[in-house]
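As structure tokens, the structure follows; a few thoughts come after it.
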Amino acid sequence: MCGIIGYTGRRPAGPIVIEGLRRLEYRGYDSAGIALFDSDHELYVAKATGKLDNLDARVEGQLPPAVAGIGHTRWATHGAPTDGNAHPHLDPTGRVAVVHNGIVENFEALRRRFEAQGDRFISDTDTEVIAHLLAERLALGDDLAEAMRVTIPLLEGAQAIVAVSVDDPGRLVAARVGNAGGIVVGYGDGEHFVASDLAALLPHTRRVVFLDPGQIADVRLDGVSYLDAAGHALEKPIELQPFDPVAAVKGRYKHFMLKEIHEQPDVALDGVRGRYSTDPARIELPELAIDRTRLERIQRVVLVGMGTSMHSATVGRHYIERFARIPAEVDNAAEFRYREPVLDDRTLVISVAQSGETVDTLWAMEEARRAGCLQVAICNTPGSQATRVADATVFMRAGPEIAVASTKTMVGSMVALHALALHLGHLRGTLTPDQLSEQVTGALHIPSAIGDALLLEEAIEELAGRYAEYEDFLFLGRGLAYPMALEGALKLKEVSYIHAEGYAAGEMKHGPIALIDEHMPVVAVALDDDLHDKMRSNIEQVKARRGRVIALVTEGDTSLDGVADDVLALPRVLPALQPLVAVIPMQLLSYYIAVRRGADVDQPRNLAKTVTVE
Ligand code: AGP
């Protein structure tokens, strides 16, 4: 949560910082602010509540020709979204400016200490104490990097911080404390950057260094040095990132969400490329560089994630049980940590995370690390913390996902989980060559099947027009369609603000059926599989209570014609792979209903792309 950008170099810093914020706005958009060194090496600070456009309008024609600066786009934790609470925050003398992501859990005690000695605070944020603490150390003669190093142990909680000081214009000091979102340092030509994530750096450089927790980057015009918490110098090799900057722009699409929905055939293709081959059927996962005997010893699998990633993990649980025959469970990462899970070194923990920085998921991984579990991350973000903690990462290969609502990374993660489960099944001898061959062939067909599912777009746009005014929706599915029902409801809630619930269809008669009437449309996933007849009965139960049903069926299935109010036919794929096509109409329906209702599709209210607070 919150986007951070910093720049030092020979080009005017102002426009670079503002443009960087634009790429980070999806991380938080309550308010935004910048601090730039003007030509007298004093700080020029500007802030504005609301979207970045407000800040842009405020600074238009006024940006000083600065050589360095920092910027922040905020997702409020402490203090309402106001100009005063927007970052950067300054110390009382105005010499230090700080941008911050995370929570200073002991800020009240620190604030009281400063207030007792006469300092005045002008915001309600926890962040402002960091500026006071840094200024205190600078006044004692520390330089900015040392001041940061000494300040960090005084802060409770996980943080990512970037600070500048007028005593050292052109220098940025960045620190990562725990798992509150990343800090990445970018190396340009005669310039350096810091950012909360890679997306902000892509137009400028692909040469980057990620900070690990406890590390500090001292970024100057002529070079970057790194320190650990004890003040020892660190050597950190520069990595070359493969992300394509073009992927982070909207192109011909009105919204990133729509663009990302349409990228899914390519995401599925990238997901199978080089991993699946036929004649004979094979799965190659070279990134799973884990000793074979460790993989063979696994007795249990626990999958964790949040939101959409948890729904993918639920699909993954089916895959692990079905193909690798290992007992598997799935848990909401935020709950997992606090229920004292029973774990050991024969448990494989699979964490699913688009960002690789979701704090709930990182804490679950920490719990698994302490218990000595083997860990595999399913992740979309190279260099992210999840990829560093895990023993191995199977990447989603989805490219940057900018819309706050996840779409293409769900497809990327389900493809990766399918490959992982097949790999484990093959290794452990639980898959026959015929089963492997069937799954591999089926997976290779998925990119074109997703392409066919996207052909429903026009019909779904029309459907959205007829359903956009309803205020409550129910989504039902069984088996592998159950996580799709959960995902359909989540997508609709987050982008259109319509109340929606996802249920296992068998659960409906145990309570939710009381809600059914003509005012609550039901989206029923009734694809052709072993559970189809039971799903059909559930649909009949809804119809008997005057409910309106939108049914997702497999092409050629006419059994719900005249029963459901609307029927959308999806291409036939293997039953195990149905979630990969069933998710497409869910995403399109949410998108077009949200557009109809005039919602802010790419940046829904109250949300942030990467959730780095508990
Ligand atoms: C999805 O549309 C959401 N915005 C959200 O639930 C998301 O999936 C969740 O926060 C997990 O993020 P992660 O995959 O980056 O860990």
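The values are calculated or read from the model by the stated rules, or taken from the named source; none is laboratory data. Everything numeric here is computed off the predicted structure, so don't read it as measured data. As a convention, Cβ positions derive from the backbone with ideal geometry for all residues, glycine included, and neighbour counts pool all protein chains shown. In case anyone asks, the SASA skips ligands and DNA or RNA and just uses the protein heavy atoms, side chains included. Shrake-Rupley method; radii C 1.70, N 1.55, O 1.52, S 1.80 Å.
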Inter-residue pairs, beta-carbon under 6 Å, first closer than 13 Å to S496 by Cα and in segment 456-480, second of a type in the set (S, T, Y), 6+ apart: A464/Y592
Kindly indicate which of M306, M310 is of a type outside the set (S, T, N, Q) and out of contact with any helix residue (DSSP H, G or I) (no Cβ under 6 Å at 6 or more places or on another chain). M310
Among the candidates R325, R346, R297, residue that is modelled with pLDDT under 95 and surrounded by fewer than 24 Cβ atoms within 10 Å (Cβ to Cβ): R297
Can you give me the ranges of the strands (runs of 3 or more DSSP E) entirely in segment 331-438 with at least 2 residues that are without any contact (Cβ under 8 Å) to a residue 24 or more places away in the chain? none
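Return yes when I378 is within 16 Å of the ligand (Cβ to nearest atom), in the same structural domain as V302 (by TED's automatic domain parsing) and within 18 Å of M310 (Cβ to Cβ) and no when it is not.
When the stated conditions are applied, I378 passes them.
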Can you work out which of the residues in segment 492-519 that are part of a loop (DSSP other than H, G, I, E, B) and open to solvent by 10 Å² or more (accessible area, probe 1.4 Å) is farthest from L568 (Cα to Cα)? G511
Within segment 381-395, which residues are at pLDDT below 95 and either open to solvent by less than 10 Å² (accessible area, probe 1.4 Å) or outside the structural domain of E284 (by TED's automatic domain parsing) (or both)? S384, A386
Residue list for segment 245-264, filter: modelled with pLDDT under 90 and in contact with a Leu (Cβ under 8 Å, 6 or more places away or on another chain): P245, A248
When E19 is run through (1) part of a loop (DSSP other than H, G, I, E, B); (2) surrounded by fewer than 23 Cβ atoms within 10 Å (Cβ to Cβ), the failure sits at (1)
Any residue at all in segment 172-180 that's among the β-branched types (V, I, T), at pLDDT 95 or above and under 24 Å from D119 (Cβ atoms)? yes
Filter segment 255-287 down to residues that are free of Cβ contacts under 8 Å to residues at least 24 places away in the same chain and either among the small types (G, A, S) or touching a helix residue (DSSP H, G or I) at 6+ places or on another chain (Cβ under 8 Å) (or both), then give me how many there are. 1
Which condition number does A371 fail, the rest of (1) within 14 Å of the ligand (Cβ to nearest atom); (2) farther than 27 Å from A582 by Cβ; (3) open to solvent by 10 Å² or more (accessible area, probe 1.4 Å) being met? (1)
So which residues in segment 328-343 are touching a Ser or Thr at 6+ places or on another chain (Cβ under 7 Å) and either among the β-branched types (V, I, T) or open to solvent by 20 Å² or more (accessible area, probe 1.4 Å) (or both), if there are any at all? V330
Quick check on my filter: what residues within segment 586-614 are more than 16 Å from the ligand (Cβ to nearest atom) and of a type outside the set (F, W, Y)? V595, R596, R597, G598
Go through the residues of segment 311-326 one by one and say whether even a single one is in a helix (DSSP H, G or I), farther than 21 Å from T430 by Cα and outside the structural domain of N101 (by TED's automatic domain parsing). yes
If Y319 satisfies all but one of (1) of a type in the set (F, W, Y); (2) over 19 Å from the mean Cα position of the chain (by Cα); (3) within 14 Å of the ligand (Cβ to nearest atom), what's the number of the condition it fails? (3)
Taking first residues from segment 6-30 that are assigned by TED's automatic domain parsing to the domain that holds V67 and second residues anywhere that are part of a helix (DSSP H, G or I) and among the aromatic types (F, W, Y), the pairs with Cβ under 7 Å that are 6 or more apart or on different chains are none
For residues that are under 17 Å from R11 (Cα atoms) and either in a strand (DSSP E or B) or polar (S, T, N, Q) (or both), tally how many sit in segment 164-184. 1
For the list (1) in contact with a Pro (Cβ under 8 Å, 6 or more places away or on another chain); (2) not in a loop (DSSP other than H, G, I, E, B), I need the number of the one condition that A109 fails. (1)
Can D360 be described as surrounded by fewer than 20 Cβ atoms within 10 Å (Cβ to Cβ) and farther than 20 Å from Q215 by Cβ? no
Exactly one condition in (1) over 10 Å from V98 (Cβ atoms); (2) at pLDDT 95 or above is not met by A158; state its number. (2)
Could you go through segment 407-424 and let me know if any residue there is at pLDDT below 95 and among the polar types (S, T, N, Q). no
Could you tell me whether segment 278-292 includes any residue that is of a type in the set (K, R), modelled with pLDDT of 90 or more, outside the structural domain of A328 (by TED's automatic domain parsing) and surrounded by fewer than 18 Cβ atoms within 10 Å (Cβ to Cβ)? no
Suppose we filter segment 327-362 for residues that are within 14 Å of the ligand (Cβ to nearest atom), more than 15 Å from the chain's Cα centre (by Cα) and closer than 13 Å to A390 by Cα; how many remain? 1
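Table: residues versus (1) charged (D, E, K, R); (2) within 13 Å of the ligand (Cβ to nearest atom); (3) within 21 Å of the chain's Cα centre (by Cα).
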{"site": "E401", "(1), (2), (3)": "yes, yes, yes"}
{"site": "D434", "(1), (2), (3)": "yes, no, no"}
{"site": "A449", "(1), (2), (3)": "no, no, no"}
{"site": "D452", "(1), (2), (3)": "yes, no, no"}
{"site": "L456", "(1), (2), (3)": "no, no, no"}
{"site": "F473", "(1), (2), (3)": "no, no, no"}
{"site": "K493", "(1), (2), (3)": "yes, yes, yes"}
{"site": "E501", "(1), (2), (3)": "yes, no, no"}
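State yes or no: is D53 crowded, with 19+ Cβ neighbours inside 10 Å, charged (D, E, K, R) and within 29 Å of the chain's Cα centre (by Cα)?
No.
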What tally of residues in segment 66-96 results from selecting those that are open to solvent by 60 Å² or more (accessible area, probe 1.4 Å) and either touching a Cys at 6+ places or on another chain (Cβ under 8 Å) or modelled with pLDDT of 90 or more (or both)? 3
Pick from L589, L527, L568, L580: which is modelled with pLDDT of 90 or more, in a loop (DSSP other than H, G, I, E, B), under 34 Å from the mean Cα position of the chain (by Cα) and under 24 Å from K408 (Cα atoms)? L527
Identify, by number, the condition in (1) within 16 Å of the ligand (Cβ to nearest atom); (2) without any contact (Cβ under 8 Å) to a residue 60 or more places away in the chain; (3) in a helix (DSSP H, G or I) that K534 doesn't meet. (1)
Condition check: over 22 Å from K493 (Cβ atoms) and of a type in the set (G, A, S). Does A569 satisfy that? yes
